């Protein structure tokens, strides 16, 4: 089966990503400008109606639209926007080719000395998805295209789509789709008809220099079909071999090597705030949007996080930034839980200056644990729900009190009760997944030695920090003794006989006797 490519042309993606990240409505007036030259790079429809044009000085544009919001073009934010487009497009194809930003590319091209015969092998602002291998999952290419277009619409993105048998053919058709008639647009999404539309493409749509375009127009060549009728030898001699390679890649005569998008092993997201935030409560709303975007990323890759770093950039660059480590001890991936635990931990943080930028980063991921207890019946489902609620409660307690105040317990290999456990982080406890041992036979079935273990041995729910001496008159011995002692090589040597006893004030307790007398060591719940 021949490969088919879906091209998505986003003419205003840099500006619209800014509006999406800051939850601006479609009627908002926004100007994207170059901070070096102070010229307008992109603008909304409202500003265009007011007379603002691309390339206009920022001061002139502001005089025409004084209420317009200003967005500074930043290369790192632009790369973040490109990665975001690729990440959600990755749900529709495993082969996604990132787009090239026209704003960056044009600036680079203007500085080239060989711009006269310049030829690109891509169309700017146009993403590529290989769809022939995944169409069946979406019940056909038509359904895939429909779902992709709907997803772009939910993000407030203006997009033109086209199908092609080669990457460049799809990109060129998508670029022209916005100015085509409605009937022709539908044909550009039909794999059987889109290839025929290539012959109608005007010379102006090809990714070639102005000099080349004008040269072809001067000799009466106005379309791609007319260009292809010219002798290859003459074209190569006059305009260089790169033009011939471009035409061959559009038609499929030459293969077109591509660099596919690969999700990063780490996660980084930045947000420049539209206003200065002086109170921590003001951080929560934009943070919620960032975490929602990260939750979508985690869901797509079936991952969860146990820790993220939130960096708050102060207005005064001389003051060091504030780095906050947010803990998720039981691995979280849902946006509401990510935000609620983060919000609690932020309540203990004080801002020393207004915040102008936020960054969240994650260096390590863990697989999502799928709760499948309900597969085995209502009783197991109820146990799974109780377990999840317990984990949720412990996570909330840790978020409220701090990770140093809430710990988990792990068993250690030691005979003495006070040495047979240790406090540990909740995340470490959650990774143990040890079954509850109810019998020596169950322990043996799991492959553990059972020699020397007392049958029916009981342990209390609560241990005293330090054993307390107790009078024999205050207790009634009910069961025992069970001898626990240190190994022969350990110092000091300790030997104890443990009993289950009834306390005269009520309740069952755990006591032991050694050479000094009886000691109270724990209580049964």
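Residues in the stretch 130-163 that are part of a loop (DSSP other than H, G, I, E, B) and closer than 15 Å to residue 95 by Cα: 131, 132, 133, 134.
Here is a yes/no grid of residues against (1) within 30 Å of residue 304 (Cβ to Cβ); (2) surrounded by 17 or more Cβ atoms within 10 Å (Cβ to Cβ); (3) modelled with pLDDT of 90 or more:
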| position | (1), (2), (3) |
| --- | --- |
| 446 | yes, no, no |
| 502 | no, no, yes |
| 505 | no, no, yes |
| 511 | no, yes, yes |
| 515 | no, no, yes |
| 522 | no, yes, yes |
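State the number of residues belonging to the stretch 127-160 that are within 22 Å of the chain's Cα centre (by Cα) and buried (at least 18 other Cβ atoms within 10 Å of the Cβ). Total satisfying the criteria: 6. The criterion of at least 2 residues that are more than 26 Å from residue 3 (Cα to Cα) is met, among helices (runs of 4 or more DSSP H) falling completely within the stretch 171-254, by 210-218, 232-239. Applying a threshold of 6 Å to beta carbon distances and a minimum spacing of six or more residues, or different chains, the list of pairs starting in the stretch 103-131 at a residue that is more than 15 Å from residue 260 (Cα to Cα) and ending at one that is part of a strand (DSSP E or B) and at pLDDT below 70 is empty. Can you name the strands (runs of 3 or more DSSP E) wholly within the stretch 486-525 that have at least 1 residues being farther than 14 Å from residue 467 by Cα? Counting at least 1 such residues, we get 495-503, 508-514.
For residue 258, the test of being in contact with a helix residue (DSSP H, G or I) (Cβ under 9 Å, 6 or more places away or on another chain) and in a helix (DSSP H, G or I) is failed.
If you go through the stretch 486-525 one residue at a time, how many are under 52 Å from the mean Cα position of the chain (by Cα) and under 15 Å from residue 417 (Cα atoms)? Total satisfying the criteria: 8.
The values are calculated or read from the model by the stated rules, or taken from the named source; none is laboratory data. Predicted model, so just to flag it, every value in this text is computed and none were measured. Every residue, glycine as well, gets a Cβ built from its backbone with ideal geometry; the counts of neighbours run over all protein chains shown.
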